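The values are calculated or read from the model by the stated rules, or taken from the named source; none is laboratory data. Remember, predicted model here, so these are calculated numbers, not experimental data. Cβ coordinates were reconstructed from backbone atoms using ideal geometry, including for glycine residues, and neighbour counts include every protein chain displayed.
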Amino acid sequence: MNTLSNRKILIGITGSIAAYKACELVRILKQAGAKVRVVITQGGLEFITPMTLQALSGERVWTDLLDPESEAAMGHIELARWADLILIAPASANFIARFITGMADDLLTTLCLASTVPIYMAPAMNQQMWLNTITQQNITKLRALGVGLWGPAIGGQACGETGPGRMIEPVELLEKLQLSFNNGALAGKRVVITAGPTQEALDPVRYLANHSSGKMGYAIAEAARAAGADVILISGPVHLARPEGIEVITVTTAEQMYKAVMHKLSACDVFIGAAAVADYRLQDIAQQKIKKTEETLTLRLVKNPDILAAVAAKQDKPLMIGFAAETEDVLNYARQKLIEKNVDMIVANQVGHGVGFESDDNTVTFLLRNGKEQSLTKQNKQQVASKLVEVIASLLTQPTEK
Ligand code: PMT
């Protein structure tokens, strides 16, 4: 579905070398059917010319607050009224700092103040500038103001350093813009999902694992994305295709999954733990292949971090959905997990006999914190996933139901 057709998108370009990427962004937005207008700050003009953006957008490019060519010389009001959405890409540290203090000393800051439409920013700066406490405080304030942040990415930078601060690629921004115009049930929500098994090494050639295929978690990720969510999928080792339009982070062990989840929690609205995480790992992984010299072998295991419980313990925790895969007394064990893990909902999952692990089908019951329960007959994981997304959407709109 092309959600960008005829959408009026205002692109603000500020002073960063990543300004060159804004040209490609404007080009692909136009290709996707959007109407694009561009405002460049004085900093941005050091990196890019209005002529280039004018050719790509098919519109004049705005640079000055006091513009005699605009109706009543009030270009900022005209542009603020015109846009359906404002995306500042790249957003420099300087622009972000000026924006959060409410300055109105150039066209871009002024029109942002004069606008009521959603504002998104794609930060781009040197990694130390991004990590600087002042910038991080500004970012926290931006989030509190309801400004959406896309990126930055981690990687090599124009200054030769490596770290967080790269503007995310134009094609990723295009996908995010498409999602932001999707008015599905989870539009504008960020959902973090774990899926698949974890593998815990015994020695260089063997590991402890389970039969999770990742099918359930991947189906949820796709259903959430189709409902308009910004989805991050943190996946153990599986043999499934990477779903499109979803950020996928692959991990092997429970500890890696824990770290990836904690790293991706900011601005997360919903957390779904569909992974079958190994409860234990080896205390000491053998450095060489274990030999079968003895009749019996004793392995000493230590507990892995409980990812679901750790997220649920956070003060600003998102809506929390856990799974409970059980072979017997499923509902009772699941009810216990609902309480012990302090989550809003548990998906009780009957496993064995051709359902649950590995199969295309699943038999589940949704157990809600408020005591409500809904059992689904055996059905495929895509159907389970879309019903789960419906329940999550209703929980998000009725906070008292949580
Ligand atoms: O991957 P498939 O083949 O499609 O199979 C799907 C599934 C059966 C794996 C899935 O539907 C499912 O039920 N996942 C949970 C598996 C499980 O056994 O969970 P648990 O009872 O060990 O843990 C309960 C909850 O805590 C789960 O949400 C789990 O992700 C989470 N957990 C558990 C341990 C741990 N260290 N960290 C966790 O976050």
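Condition test on T140, is it at pLDDT below 95, part of a helix (DSSP H, G or I), among the β-branched types (V, I, T) and closer than 18 Å to A267 by Cα?
Yes; evaluated as a whole, the condition is true for this residue.
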- Message: Any residue that is away from the ligand (no atom under 16 Å from the Cβ), crowded, with 23+ Cβ neighbours inside 10 Å and not β-branched (V, I, T) - is there at least one of those in region 203-210?
- Response: no
- Would region 179-193 turn up any residue that is out of contact with any strand residue (DSSP E or B) (no Cβ under 6 Å at 6 or more places or on another chain), within 16 Å of the ligand (Cβ to nearest atom) and part of a loop (DSSP other than H, G, I, E, B)? no
- Query: Can you tell me how many residues in region 71-115 are at pLDDT 95 or above, closer than 27 Å to Q178 by Cβ and assigned to a loop (DSSP other than H, G, I, E, B)?
  - Reply: 1
- Task: Being assigned to a loop (DSSP other than H, G, I, E, B) and either of a type in the set (G, A, S) or at pLDDT 95 or above (or both) is the filter; apply it to region 354-375 and report the residue that is farthest from A275 (Cα to Cα).
- Result: G371
- Would a scan of region 300-316 turn up a residue that is more than 16 Å from the ligand (Cβ to nearest atom), out of contact with any His (no Cβ under 8 Å at 6 or more places or on another chain) and modelled with pLDDT of 95 or more? yes
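Among the residues that make up region 232-246, is at least one of them farther than 23 Å from E358 by Cα, touching a strand residue (DSSP E or B) at 6+ places or on another chain (Cβ under 6 Å) and surrounded by 21 or more Cβ atoms within 10 Å (Cβ to Cβ)?
No, every residue in region 232-246 fails to be farther than 23 Å from E358 by Cα, touching a strand residue (DSSP E or B) at 6+ places or on another chain (Cβ under 6 Å) and surrounded by 21 or more Cβ atoms within 10 Å (Cβ to Cβ).
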- Query: K337: assigned by TED's automatic domain parsing to the domain that holds Y207, surrounded by 18 or more Cβ atoms within 10 Å (Cβ to Cβ) and closer than 27 Å to K189 by Cα, yes or no?
  - Reply: yes
